[in-house]
Amino acid sequence: MSRCIACALFAFLLTAPVGAQELNYSTALQYASEDGQFKLKLGGRMHNNWTWYSADDEFATASGNVAAGDAEPSDGTIFRRARLYLAGTIYGNIDFKAQYDFAGGDADFKDLYMEVRDVPAVGSVRVGQFYEPFGLEAQTSSNYITFIERSSGTGPIAPERSTGFMTHGVNGEENMTWWIGAFRDSASDGDAVGDNKMTFTGRATWLPWATDDGDLVHLGVAASLRSPEGDTVNYQADPEVRPSVDFLETGAQAVDEVTYFGLEAATVQGPLSLQAEYMTAMNEGSEGAEDFDISHYYIFASYFLTGEKRAYSNKKAIFSRVKPNTNYGSADGNGAWEVGLRYSGTDFDDGAINGGTMTQTTLGLNWYLNPNVRIMTNVVLMDVEDIAGDVGVDGSAEAFTMRFQIDF
């Protein structure tokens, strides 16, 4: 697969206008023709996690996905992500991206899409496999999130990558965005063959206040209408640590339709940032089964001890790359230091559904050596009721986790 990426890069350089090529590096290796009609970016990321757990004996009695017979989840190290990508622009108005992940020893693509910019009366149109437009934390790149892992509701509620069509746009003041798409549930290779039902997902954001130097208030809302494959769902939630096992599980439930709904808010005030989200999955039971809801929320604060602030993309309505005031190793350079505190709650209990509940507190410390390299440490405190759906089996666990991250 890496050979394919190299071949694509070589072919692109050969077919681009000769005599008008410029190669440069800012935070990624980039090529651009002199007239700006052709652009190419080659990049990737490596996220290496190290984790140590401590858990009480209640986890040893839990069945389901929590390793029965073990007193606690297992310590370990994993390559959470190991990716390469090509992205670029052709003839000034066609964008593309092809991103492959080699973590776990397999070569699976993550993002693989093309996009036609600024179609009249429609906006930009994207087709392929990519994230469905739902949630602030889910849409923000894993390279730029404040904590090592996204909060526990992002996986079971916020949809991830699917194959589909999407239109999106931003107003002239760049303080409002909209995204709406139609998708099929697809496998890791992006294929969806058979009688797959369509999913419709949309997101809208607004900046009611923003300054030229990057202070802002962000508000957003998202929704998704879904018909699950096989008319069944089974919600599972990991703690905010990797490697991990599922601490919550509803078991297989018969449903006709599912509606996801999410609210998001954030503010940046100099080095201080606050962010919060609430999301829920409302399930319409089938075959006489009762309706039930699951929900998740989080709130966090972060602060740059060295004076930087979180960067924000107005066109994408997400947070982006932090650039330290000084790079580690330069004259008087120590990089950027950030502290963060997050509290989250995940609830899989509703009526006859006993999937468990979990609250987590995460304390984080991030060291940005430069714009491309970050070392992260988190301490995560977890309290769980009805572990993996075992009613009355409650427990607590703690984890110390680190990530060594480079992206380019």
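Determine which member of the set G351, G355 is out of contact with any helix residue (DSSP H, G or I) (no Cβ under 9 Å at 6 or more places or on another chain), of a type in the set (G, A, S) and farther than 23 Å from S142 by Cα.
Result of the check over G351, G355: G351.
Do you know which residues across segment 344-370 are within 23 Å of A301 (Cβ to Cβ) and not aliphatic (A, V, I, L, M)?
Of everything in segment 344-370, those that are within 23 Å of A301 (Cβ to Cβ) and not aliphatic (A, V, I, L, M) turn out to be S344, G345, T346, D347, T359, Q360, T361, T362, G364, N366, W367, Y368.
Which residue, of T154, T177, T205, is buried (at least 16 other Cβ atoms within 10 Å of the Cβ), hydroxyl-bearing (S, T, Y) and modelled with pLDDT under 95?
T154
I'd like to know if segment 148-162 contains one or more residues that are closer than 15 Å to T199 by Cβ and in contact with a Gly (Cβ under 7 Å, 6 or more places away or on another chain).
yes
Test F165 against the criterion of being touching a residue at least 24 places away in the same chain (Cβ under 8 Å), among the aromatic types (F, W, Y) and surrounded by fewer than 16 Cβ atoms within 10 Å (Cβ to Cβ), and give yes or no.
Spelling it out, F165 is indeed touching a residue at least 24 places away in the same chain (Cβ under 8 Å), among the aromatic types (F, W, Y) and surrounded by fewer than 16 Cβ atoms within 10 Å (Cβ to Cβ).
Inside segment 292-313, can you point out the residues that are under 22 Å from A252 (Cβ atoms), in contact (Cβ under 8 Å) with a residue 60 or more places away in the chain and not hydroxyl-bearing (S, T, Y)?
Hits for segment 292-313 are F292, I294, H296.
Name every residue in segment 192-217 that is within 20 Å of W178 (Cα to Cα) and either of a type in the set (S, T, Y) or in contact with a Leu (Cβ under 6 Å, 6 or more places away or on another chain) (or both), in order of residue number.
T199, F200, T201, T205, W206, L207, A210, L216
Would you pick out the residues in segment 125-149 that are aromatic (F, W, Y) and either buried (at least 24 other Cβ atoms within 10 Å of the Cβ) or within 21 Å of F304 (Cβ to Cβ) (or both)?
Within segment 125-149, the subset aromatic (F, W, Y) is 130-131, 134, 144, 147.
Correct list: F134, Y144, F147.
Report the residue count in segment 82-127 for those that are outside any strand (DSSP E or B) and in contact with a strand residue (DSSP E or B) (Cβ under 7 Å, 6 or more places away or on another chain). Show your work before the answer.
Looking only at segment 82-127, we keep the residues that are outside any strand (DSSP E or B), and these are 91-93, 102-107, 120-122.
Restricting the remaining residues to those that are in contact with a strand residue (DSSP E or B) (Cβ under 7 Å, 6 or more places away or on another chain) gives 93, 102-103, 107, 122.
Count: 5.
With the structure loaded, tell me whether L381 is within 20 Å of the chain's Cα centre (by Cα), surrounded by fewer than 20 Cβ atoms within 10 Å (Cβ to Cβ) and either under 17 Å from E240 (Cβ atoms) or charged (D, E, K, R) (or both) or whether it fails that test.
no
Can you give me the number of residues within segment 336-356 that are out of contact with any Ser or Thr (no Cβ under 7 Å at 6 or more places or on another chain) and crowded, with 18+ Cβ neighbours inside 10 Å?
2
May I ask you to list the residues in segment 314-335 that are exposed (fewer than 14 other Cβ atoms within 10 Å of the Cβ) and touching a residue at least 12 places away in the same chain (Cβ under 8 Å)?
Matches in segment 314-335: K315, N325, G329.
Hey, among the residues in segment 33-87 that are at pLDDT 90 or above and touching a helix residue (DSSP H, G or I) at 6+ places or on another chain (Cβ under 7 Å), which one's surrounded by the fewest Cβ atoms within 10 Å (Cβ to Cβ)?
Once the filter is applied, the top-ranked residue is F79.
The values are calculated or read from the model by the stated rules, or taken from the named source; none is laboratory data. All of these numbers come straight from a predicted model, not from anything done at the bench. Cβ atoms come from the backbone with ideal geometry, glycine included; neighbour counts cover every protein chain shown.
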